[in-house]
Amino acid sequence: FYLVAINIVFCCVDYKSRQPNSWYASSTQEIRSFVGNRTGALSLVNIALAVLYAGRNNVLISLTDWSHTTFLLLHRWVASIATLQSCIHSAIYLYNYMESGEHATEAKLDYWVWGVIATLGMVFLLPTSILPMRQKFYELFLAWHVVLSFFIIIGSLLHIVLRFSKQWGYELWMYIAFAFWGFDRIYRI
């Protein structure tokens, strides 16, 4: 409940329109863009959390004395929230660019393509991670999950770097995700 509630609050509060301005034609477009930006940023944060929660050697296990099973449950919830946020982010920007007539130009750019790869990776990962699939095809699920997760993190990182040139620090969340993943893999060895 807490994870869902806090993400809803963070996605929905404190938007203020400042019209007129040179970036947005209307307050509706401005607020819609703010929601798109925030859901995109929160999706990155939640991707990093999902990677942390998935690890067998998650430092939080020893700090909280919770089981790995509990963290896997948190992993599934956080990953679902991140997927929803990514879809909202993508839908808003698709709408904005179609409304402004810039979609044909933007959709050809590399940052757009990598954003689509990351979002679609999350969308494909979610239904293939349901319990019956995990139980029946566990080894296949695990391999698919690792490969697709890697593309989600790489796609998100490239989407941000190609779009913002490391201007705002959003890429740090993907570096953190890789650090969590790398630590878990090295610790297993």
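Structure notes:
- The listed residue being part of a helix (DSSP H, G or I) and over 21 Å from the mean Cα position of the chain (by Cα), out of Q135, Q85: Q135
- All positions within the stretch 42-75 that are touching a helix residue (DSSP H, G or I) at 6+ places or on another chain (Cβ under 9 Å), open to solvent by 30 Å² or more (accessible area, probe 1.4 Å) and either of a type in the set (G, A, S) or over 22 Å from S129 (Cα atoms) (or both): A54, V59, L60, I61, T64, W66, S67
- Identity of the residue in the stretch 19-36, without any contact (Cβ under 8 Å) to a residue 60 or more places away in the chain and in contact with a Phe, Trp or Tyr (Cβ under 9 Å, 6 or more places away or on another chain), that ends up least open to solvent (accessible area, probe 1.4 Å): E30
- The single residue among A104, A91 that is more than 30 Å from I189 (Cβ to Cβ), within 19 Å of the chain's Cα centre (by Cα) and small (G, A, S) turns out to be A91.
- Of all residues in the stretch 76-90, those that are surrounded by fewer than 22 Cβ atoms within 10 Å (Cβ to Cβ) and either more than 15 Å from G121 (Cα to Cα) or of a type in the set (K, R) (or both) total 2.
- Set A5, A48: member being closer than 27 Å to L157 by Cβ and assigned to a helix (DSSP H, G or I): A48
The values are calculated or read from the model by the stated rules, or taken from the named source; none is laboratory data. This structure is a prediction, so every number in the text was calculated from the model and none was measured. Here the Cβ is made from the backbone with ideal geometry for all residues, glycine too, and neighbour counts use every protein chain on show. Accessible surface is based on the protein model in full, side chains and every heavy atom, while ligands, DNA and RNA are left aside. Shrake-Rupley method; radii C 1.70, N 1.55, O 1.52, S 1.80 Å.
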